[in-house]
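Engineer: Dropping the structure in here first, questions after.
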Amino acid sequence: MKFSSFGNNFSNKAGIVQLMDDLGDALSVNKSMLMLGGGNPGQIPEMQARFRQRMVDILDAGDQFERLIGDYDPPQGETRFREALAALLRREFDWPLSADNIAITNGSQSASFMLFNMLAGRDDAGAPRRILLPLTPEYIGYADQGVMTDMFTANRPTIEHLADHLFKYHVDFDKLTVGDDISAICVSRPTNPTGNVLTDDEVAKLMGLARRHDVPLILDNAYGTPFPHIIFSDATPVWDDNVILCMSLSKLGLPGVRTGIVIANEQIIRGLASVNAIVNLTTGGFGAALTVDMIESGEIISISNDIIRPFYQDKADQAVDLIRRQFAGYEFAIHKPEGAIFLWLWFPGLPISCAQLYQRLKDRGVLVIPGHYFFPGLSEDWEHKHECIRLTYSQPADVVERGIAIIADVVKGAYDGG
Ligand SMILES: Cc1ncc(COP(=O)(O)O)c(C=O)c1O
C-alpha cells in the first residue's frame, strides 16, 4: 500500500505526534509519572459541578437530550449559541457582530487547520503562500498543520530582561517583513508555551501591518478574554473585520467536548463553514449545549474572572515561588507569566540540550516539553531554542511541587557537569 504525499506527510510527522506518543507511552508505562508536559486544563471542582448540573438539566428538559444527540447542526455550528455569543460580544466590547460572523468548530485545533490551509498553501497559480508567525516561541500545535510543507515562516523575538529572574519576549518589528508570499499573520495571545501576552501596542502594530499587506491577522485567543480569561496582565481584547479571532471552550474545563469558535468577517466564516461541511458535515453540539445558558446570561464572564483566572493565577504564583527557591544560586530565567497555563523556563548556557534534559527528566519520572519544538517556521539555528522547557502548573499542587524539585535537581546536576 502506498500513501499519497499528504498521507506520508501527515503520518510521518516528526514533531508533535511523536512527542504526544512519547508522552502517552511514558504515562502508560509509569503511572506515577509527574505530568508537567501536557496542555490539559486543571480540574476545577466549581466548574465541573456547573457542567454536571447543566447536563442533568438537559437530560431533564423534555426532548432536549434527544435533539442534542439526534440532530445535525448547520455547518457553521449551532445557531442559538452563535446568536448568544454575538450578542455578548456586542454588549461587552461593542464589536459589530452577528451570528454570521461566528463559526463553531470541533476544537480550535481543527479551526486553525482549516483556516491555515484555506489561506496558505499553493495558490491558483501554483505559487506557495505562507503563514507568518511574528514571534516564536509559538504554539507547537501549529507546526505540522500545513498540507503544503514549509507553510510557516517565523521571526525571533527580542528579549527584555526583567528583575527577579524574569524576562519577556517582544515582537522584533525592526526585523519583521511581510513578504509577497505571506497570506496571514498569526499569534497566540496569551501565548502557549510562554505565558506571554502581547502588549496592546504590539497587537495594534500587527493589525496595521496585516491591513497594509491585505492579509488577515489570526489572533489565537484560546486562553484569552472574555473567556476563559486566563490573563494576569492588562490586555485589551480586539476584533475588526481583518482579524480572525479563534477561541475555545477547552480551557473553561471542557477539552473533551472539542469546541472551538472562530469570529471573523462573513467571507471567512462562509468559507470555513464550507470546509467544515466537507470535512466534518458539521460540528458536535455538546459544547454549545453545555455553555449556551451562561453565554446568554453573561455569567460566563463572571465565572471566568472569579473562578478560572484566580485558580490559575494562584497556581502560577506558587510555581514561580517554588522555582525561585529551588534554583537559587544557579542560572535560570522564567518568562513573565502573564497568562495561559504554562511556565517557560530558560537555562542560559546549559551544557546539555533541552532534548537531553527532557530525556533525563523522563528517566527521573517527570514529563515536560523540550523547548525546541516551539519554533515552527524558524529555520535559523539559535542556541536559545535548546535552552528552554515548557511545564504546566495546571496539575495538582503536590505534582507540581515534586516535579519542580526534580527538575531543579537535574538542571543543577547538568550545570555542575553531571
Ligand atoms: C494556543 C492554543 N491554541 C489552540 C489550542 C487548541 O485547543 P482546542 O482544545 O480548542 O482544540 C490550544 C490547546 O492547548 C492552544 O494552546
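Engineer: Cβ-Cβ distance below 6 Å, separation of 6 or more or different chains: which pairs start in the stretch 102-117 with a residue that is in contact (Cβ under 8 Å) with a residue 24 or more places away in the chain and end on one that is within 10 Å of the ligand (Cβ to nearest atom) and in a helix (DSSP H, G or I)?
Structural biologist: What qualifies is T105/A111; Q109/G141.
Engineer: Let me ask you something else. Applying the selection to the stretch 255-294, what residues are of a type in the set (V, I, T), within 16 Å of the ligand (Cβ to nearest atom) and within 22 Å of D240 (Cα to Cα)?
Structural biologist: I261, V262, I263
Engineer: Within the set of pairs 6+ apart or on separate chains, which have a first residue in the stretch 341-357 that is outside the structural domain of V410 (by TED's automatic domain parsing) and farther than 30 Å from S233 by Cα, a second that is in a loop (DSSP other than H, G, I, E, B) and small (G, A, S), and C-beta atoms under 7 Å apart?
Structural biologist: none
Engineer: OK, next. For a quick check of your reading of the model, give me the residue pairs whose first member lies in the stretch 243-254 and is under 17 Å from S302 (Cα atoms) and near the ligand (Cβ under 10 Å from one of its atoms), whose second is part of a loop (DSSP other than H, G, I, E, B) and of a type in the set (S, T, N, Q), with beta-carbon atoms closer than 6 Å and at least 6 apart or on different chains.
Structural biologist: L249/T259
Engineer: Among the numbered criteria (1) buried (at least 21 other Cβ atoms within 10 Å of the Cβ); (2) over 22 Å from F116 (Cα atoms); (3) among the aromatic types (F, W, Y), which one does F232 miss?
Structural biologist: (1)
Residue by residue, here is whether (1) modelled with pLDDT of 95 or more; (2) within 16 Å of the ligand (Cβ to nearest atom); (3) not aliphatic (A, V, I, L, M) holds:
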residue	(1), (2), (3)
L23	no, yes, no
E46	yes, no, yes
R52	yes, no, yes
D57	yes, no, yes
I69	yes, no, no
R82	yes, no, yes
F93	yes, no, yes
S98	yes, no, yes
Q109	yes, yes, yes
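Engineer: On the basis of being surrounded by 24 or more Cβ atoms within 10 Å (Cβ to Cβ) and not basic (K, R), does G349 make the cut?
Structural biologist: No: the conditions fail for G349.
Engineer: Of all residues in the stretch 226-242, count the ones that are within 14 Å of the ligand (Cβ to nearest atom) and closer than 20 Å to A204 by Cβ. Walk me through it before giving the result.
Structural biologist: Initially, the stretch 226-242 is screened for residues within 14 Å of the ligand (Cβ to nearest atom), giving 227-228, 230-231.
Filter once more, keeping what is closer than 20 Å to A204 by Cβ: 231.
Counting residues in the stretch 226-242 that are within 14 Å of the ligand (Cβ to nearest atom) and closer than 20 Å to A204 by Cβ gives 1.
Engineer: Does the stretch 30-43 include one or more residues that are farther than 26 Å from M247 by Cβ and surrounded by 17 or more Cβ atoms within 10 Å (Cβ to Cβ)? Can you show your working first?
Structural biologist: Taking the stretch 30-43 as the starting set, the residues that turn out to be farther than 26 Å from M247 by Cβ are 30-34.
Next, only the ones that are surrounded by 17 or more Cβ atoms within 10 Å (Cβ to Cβ) stay: 33-34.
Looking through the stretch 30-43, at least one residue is farther than 26 Å from M247 by Cβ and surrounded by 17 or more Cβ atoms within 10 Å (Cβ to Cβ).
Engineer: M247 passes all but one of (1) crowded, with 22+ Cβ neighbours inside 10 Å; (2) in the same structural domain as S188 (by TED's automatic domain parsing); (3) part of a helix (DSSP H, G or I); which number fails?
Structural biologist: (3)
Engineer: Just give me the residues in the stretch 154-177 being farther than 30 Å from Y330 by Cα and surrounded by fewer than 19 Cβ atoms within 10 Å (Cβ to Cβ), in sequence order.
Structural biologist: Matches in the stretch 154-177: F173, D174, K175, L176, T177.
Engineer: So, one more: Looking for whichever is within 21 Å of the chain's Cα centre (by Cα), surrounded by 17 or more Cβ atoms within 10 Å (Cβ to Cβ) and either of a type in the set (D, E) or farther than 30 Å from I295 by Cα (or both) here; the options are D200, D150, D220. Which one fits?
Structural biologist: One residue alone meets the criteria, D220.
Engineer: Is it true that some residue in the stretch 386-398 is more than 26 Å from Y223 (Cα to Cα), over 23 Å from the mean Cα position of the chain (by Cα) and not assigned by TED's automatic domain parsing to the domain that holds T194?
Structural biologist: The answer is no; no qualifying residue exists.
Engineer: A further question on this structure: Where the second residue is of a type in the set (F, W, Y) and within 15 Å of the ligand (Cβ to nearest atom) and the first is touching a residue at least 24 places away in the same chain (Cβ under 8 Å) and in a strand (DSSP E or B) and lies in the stretch 212-224, which pairs have Cβ atoms under 7 Å and are six or more apart or on separate chains?
Structural biologist: Between residues of the stretch 212-224 that are touching a residue at least 24 places away in the same chain (Cβ under 8 Å) and in a strand (DSSP E or B) and residues that are of a type in the set (F, W, Y) and within 15 Å of the ligand (Cβ to nearest atom), the close pairs are D220/Y139.
Engineer: Cβ contacts < 6 Å: first residue in contact (Cβ under 8 Å) with a residue 12 or more places away in the chain, restricted to the stretch 43-55; second residue assigned to a helix (DSSP H, G or I) and of a type in the set (A, V, I, L, M), any location; separation 6+ or different chain. Result?
Structural biologist: Within 6 Å, the pairs are E46/I307; F51/L290; R54/L290.
Engineer: Could you check the stretch 54-87 and list, in sequence order, the residues that are part of a loop (DSSP other than H, G, I, E, B) and within 13 Å of V292 (Cα to Cα)? It would help to see each step written out before you state the result.
Structural biologist: At the first step, the residues of the stretch 54-87 found to be part of a loop (DSSP other than H, G, I, E, B) are 61-63, 71-78.
Correct list: G77, E78.
The values are calculated or read from the model by the stated rules, or taken from the named source; none is laboratory data. Just so we're clear, the structure is a prediction, and the values are computed from it rather than from any experiment. Positions of Cβ are generated from backbone atoms using ideal geometry, with glycine treated the same way; all protein chains shown enter the neighbour counts.
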